[in-house]
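Shown next, in C-alpha cells, is the structure this report addresses.
Bear in mind these aren't lab numbers, they're just calculated from the coordinates by the rules spelled out. A quick note: this is a predicted structure, and the numbers were derived from the prediction, not measured. Cβ: placed from backbone, ideal geometry, glycine included. Neighbour counts: every protein chain shown.
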Amino acid sequence: MKTAVVYYSMSGNCKFVAEQIAAVLQCDQIRVEPVKTYPDKGAKKFYWGGKSAIMGEKPELKPYEFNGDEYDCVIIGFPVWASNVTPPIRTFIAENDLSGKKIGAYACYMGGGGEKALEKLKKLLGKEQLDAQILLIDPLKNDSQEVRDRIREFCSKLEK
Ligand SMILES: Cc1cc2nc3c(=O)[nH]c(=O)nc-3n(C[C@H](O)[C@H](O)[C@H](O)COP(=O)(O)O)c2cc1C
C-alpha cells in the first residue's frame, strides 16, 4: 500500500508531525503552500488566516507534485484555523479526487475547535468517517514520548 502525507504548516507543527508519520510509514510527504503567503507574525497572522478560514477560501497553491493514482492512502495534515480547515487544504481537496482511498487526518491546534475542524474536513471529503484521525496540541512545543506514541498508534490504524 502506498501512502502520502499531504499537509500545510505555517509554523512547523504540522511539518513535524508529517516527518514523524513519514518515518513510521516510510511514505511520501507533500507540503502545499499558497502562492500568496499568509502573514505569520503579530495580530495580522490571526486576522488574515482566520478570516480566510471562516470565509472558506481556496487560495491558489504553488505547484506541487501529487498523482492521486499512485496512492491507496492519503493522510491530510493541517493547523486548525478559527475552528476550521486551513484554506490551502481546502484547495488541495477541491483539486484532487480522493474517493475510494483510505483517508487519515491530523490537525494541530492550541486546544480549541479541533473536533469542529475535523467535522468540516469530513464534509469537504464527503465522508462520514475517516480511517484514522488525531488532534495534537502544538506538538513541536509539547513533544514527548506520549505524543510520539499517539502518532504511532494513528499510523497503525492506516497500515492495515
Ligand atoms: C489564523 C490562525 C487561526 C488559529 N485558530 C485556532 C483555533 O481556532 N483553535 C486553536 O486551538 N488554535 C488555533 N490556531 C493555532 C494553530 O492551529 C496551532 O498553533 C497549530 O499547532 C499551528 O500549526 P503549524 O505550526 O503547522 O502552522 C490558529 C493559528 C492561526 C495562525
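The table for this structure:
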item: Amide H partners (placed H, <5 Å) of residue 61, local residues excluded; result: 35
item: Label point distance in nm, residue 60-residue 152, each placed 7 Å from Cα along Cα→Cβ; result: 4.5 nm
item: Relative contact order of segment 68-150, pairs being alpha-carbon contacts under 8 Å that are 6 or more residues apart, as %; result: 32 percent
item: Estimated Rh, segment 82-143: Kirkwood, alpha-carbon pairs, angstrom; result: 12.3 Å
item: MRE, 222 nm, helices only [DSSP H, n ≥ 4, -39500 (n - 2.57), over the chain, to nearest 500]; result: -12000 deg cm²/dmol
item: Between segment 109-126 and segment 20-91, the alpha-carbon center distance in angstrom; result: 13 Å
item: Binned Cα-Cα distances of segment 4-156, short to long, each 10 Å bin given as a whole percent; result: 11, 45, 36, 7, 0
